[in-house]
Structure formats: structure tokens, C-alpha cells
Amino acid sequence: MGASSSTEQPVSAEQRELENIAASTGALPLLQKSFSNLSDPQTNAISIQALQQCFHLCYEDPVCESQQKPESFPRLLDHLGSSIVDLFFLSEKGGINWLGFLGGYVKCCGRMSTSMSLNILLRIFAMAVKKLGLSSNLEFEPDAADCKINGSLVPSDLLLLLWMCWAMLWNVRTLKSSERKGNLLLPDINHLVLSAVVACAEVDCSFDLWNCDIVGLDVQLPVGKFLNWAITTAPTLSDCLTQYVNRRLQISVLAEDEAGSSESISGDMSPNASQALLLTRGRAWAISLAPRSTITEEILKLCFSADIVGTDENLLYRSSTHGKGLNRFWSNVEGYHGPLLVLISANSEDAYQDNNKARKWIIGALTQQGFENKDTFYGSSGNLYAISPIFHVFSPSGIPPSRSFDSRSRSMGTWW
């Protein structure tokens, strides 16, 4: 159990079930240690304030790569910890006992479907927004076993929600246990927000993806359509919550030299540091949120690297570094047989006629093995991505590709 006493108490069926569920996630030993460390020995319970502080997340002045930055975001993060505790951890008169602690963890971080975990993420977001004093169009059926949600989001809500998820991951991967505060860099994720807007809202053909004010965009994203979009485009989005809760509990019990391998960010945190690259932090994160692949973890490491500009350990080819042309490309990738991520940047045909109207876009492909010089099809399935100005995942369909070629496609591209 979470805490021992001189007199053994009989274990209830409810406690045994919750411990089995927690054990199935691998978190039971961590929960036992953290409960023992956070609880008051006299009451054998954790105070609400202590658990809220354990999950508290604070970044006073985040650095933002995008020009569109809702000023309320840092204050929203201030309410993250208390929202998690208030929603899931039931308190009795003396605080949160072992059963309430176990039950709260299982409710928010237990094994569950992707749709359920996304629902939980939305509940936490809505609670934090309410605590902040802002209005929300999300409505939750109070007694629904499957946590049904009604209502809608606006694009600025979605930006805050995605940044909240990013902030939790940033904290997990960059903050050392000895640090109470650190720096936060918010990536440009307009391509993800626009992906949801196009998939969920009613927009006409005149909608300009390249010149869009995300914060001021007045369209409604029905929550049902948003959940469908998230399940197909960003199914691992809600993983951030489990990772964050586990990391905060881990920090509460482990010594400084045992707390893990998080890296304190000290590299170039300027907003424009990575904008010259095709694979920015925001674009890399979008790819990592798609269905898992063999290099998802490598892409995540790039997202949270201290110096993304100088990170080229796994780089095979970049046109600005190695020179343009297929021969240069082939000479750098030939002989590599592992998973491969290729990004291609291009401009529309009128980009060279009027630089003010240039429409740049980026596409990508992720293969499970390198390129080979063959006359026949080979290899396993991979994914295609529209990356900028809008993100979309094109999963393999199983239909053989066409051999036709449209000679009208004249865009000039560069390989990443």
C-alpha cells in the first residue's frame, strides 16, 4: 500500500482493483513512494495544497516563435495543477487518502481509449480556463460514464490547448529536478491549428491559409469533429498528461542525482532561431503526434533540443549545406538503410513574380527504410505529410502508386 502502519488493515476489493490497474501501467511503485513522501504521517493523507503544488506548472514569460501569442497563456498554466487535482483526486476531511490518490491517478492516467484520454485533456483545459475567469463553450455531462462532451472550440482555444500540452512535455523533457522554474519556448503551431480548422469548421474556398490571424479567427470547431481530427491527425496528443503527472510525482520522491535525464535548456531561445530550418520545433512536434513510427522518439528529441539549429547528428542531407541537385542528394543518402524523413520546400509559380504574394509550402515523407536504386517497388509502408501552411497526415492506403507524371508541376523544391 501507499503507507504502512504497525497494524495491518484489511485491503478492500476497491483498493485491490485500483492497485492492480495502477500496476498494469507500471506506475504502482512510483505511486507508493510519492504517497509516502507527500502524505502527512499523522493523517496518512496528502493535503490538497501539497498535491496541487506537486503538479503546479509556472512559466512567467514564455518565448514565442509565433507573432500570435494569447497573453492569457502563462496565467492558464498557473491553474493546470489545481485543475488536475480538483477534477480527479477526491479529498476527505483529512485530505487525499491512499484510495483517493490511487483512484485519481487511474482516472486521469490509467489505460483507456484515445478518445477517452482526449476527453480528459479537454476537461482539464476547460477547468483551467474557468479558473482563469474566461468563458468556454465546452459542456460536460456530469454523470456520464464515458465523459461525454458537447459544445465547440474556437481557434484561439485550440492554440491554448495545444500549447498547454507542449508546455507539459517541455517540462518533462527539459526541467531538472533541482529546478523549480525554467524557460519555456512556445513553437509556431499555426499549421496544426489550421489543420483542425479546415477539418472541423465551415470555411469557403477563399480562406487564405497563408495570411490567417489564428487568434482572431471567428469560426466554431464542434468538439465531436475536433475529437475525430485529433484521433486521426494527433492520436498521441494526450500522452503528455500521463508523462507530466508521472514526472512530477517522480521529482517529488527522487533525489537530484536520480531524477532522470532531463536537459536544462540553455541554447538559443530566440524566436527566430529555427525559422530558417524546414524542420522547426513546431513541425517536428506535429509529425511526432501522428501515429507512432520507429523514429518518433528521435523526432521528439529534436523538438526539445537545447540547440535545434546546431542539431545535425542524424542529418543526411540539407541542400543549403551539401548543395542542390539529385546527384548531391543521392551521394549523401546512398547506403543508408534506416528510417528516413524527407522534407521538401517549394513555392507557387507566382512566387518569383511578386515576393509579397509568395506562397511557400512544405511536404514530407517518412519511410521505414532508406532509398535504393531499383527498377521495382520495394520497402514497407510509410507516411506522407502536408506540413506547411497546413498539417495533414496521409497514411498508406495499400493501393499501388500510379506511374503517371503530370508535366505541369513546375515548382522548384529543396531537400531537407
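Sort 385-396, 235-246, 196-207, 21-32 by packing, meaning the average of other beta carbons within 10 Å per residue, with the highest value first.
Working: 385-396: 18.7, 235-246: 20.2, 196-207: 14.7, 21-32: 16.8.
In decreasing order of mean packing, 385-396, 235-246, 196-207, 21-32 become 235-246, 385-396, 21-32, 196-207.
In angstrom, the C-alpha Rg and Dmax of region 7-56 are 12.4, 35.
Carbon and sulfur together cover what percent of the accessible area of region 15-253 at a 1.4 Å probe radius?
The computed percentage sits at 47.
Fraction of C-alpha pairs exceeding 23 angstrom in region 40-136: 36 percent, rounded to a whole number. Couplings for region 334-343, taken from phi via the Karplus curve 6.51 cos²θ - 1.76 cosθ + 1.60 with θ = phi - 60°, read 4, x, 8, 10, x, x, 9, 10, 10, 10 Hz in order; Gly and Pro are left as x. With the Kirkwood sum run over all distinct C-alpha pairs, region 15-253 has a hydrodynamic radius of 18.8 Å.
Per residue, how many Å² of accessible area does region 15-253 show with a 1.4 Å probe? Walk me through the intermediate numbers first.
Values: 10150 Å² over 239 residues.
In whole numbers, region 15-253 has 42 Å² accessible per residue.
Scalar couplings 3J(HN,Hα) for region 320-326, obtained by applying the Karplus form with A = 6.51, B = -1.76, C = 1.60 to θ = phi - 60°, are 5, 9, 9, x, 8, x, 5 Hz; x denotes Gly and Pro. Legend: distances between Cα atoms for LYS33/LYS107; LYS148/LYS301; LYS107/LYS131; pairs beyond 24 Å are LYS148/LYS301.
Here the 3J(HN,Hα) profile of region 375-382, calculated from phi with Karplus coefficients 6.51, -1.76 and 1.60 at θ = phi - 60°, is 8, 10, 5, 8, x, 9, 6, x Hz, Gly and Pro shown as x.
Relative contact order of region 49-118: 28 percent, from C-alpha pairs under 8 Å at least 6 residues apart in sequence.
Think of each Lys and Arg Cβ as +1 and each Asp and Glu Cβ as -1; about the Cα centre, that makes the dipole of region 15-253 roughly 960 debye. Computed from label points 7 Å out along Cα-Cβ, the spacing between GLU14 and ARG328 is 6.8 nm.
The values are calculated or read from the model by the stated rules, or taken from the named source; none is laboratory data. All values derive from a computational prediction rather than experimental measurement. Counting neighbours? That spans all protein chains shown, and the Cβs are built from the backbone with ideal geometry, glycine included. Heavy atoms of the whole protein, side chains included, go into the accessibility calculation; ligands, DNA and RNA do not. Shrake-Rupley method; radii C 1.70, N 1.55, O 1.52, S 1.80 Å.
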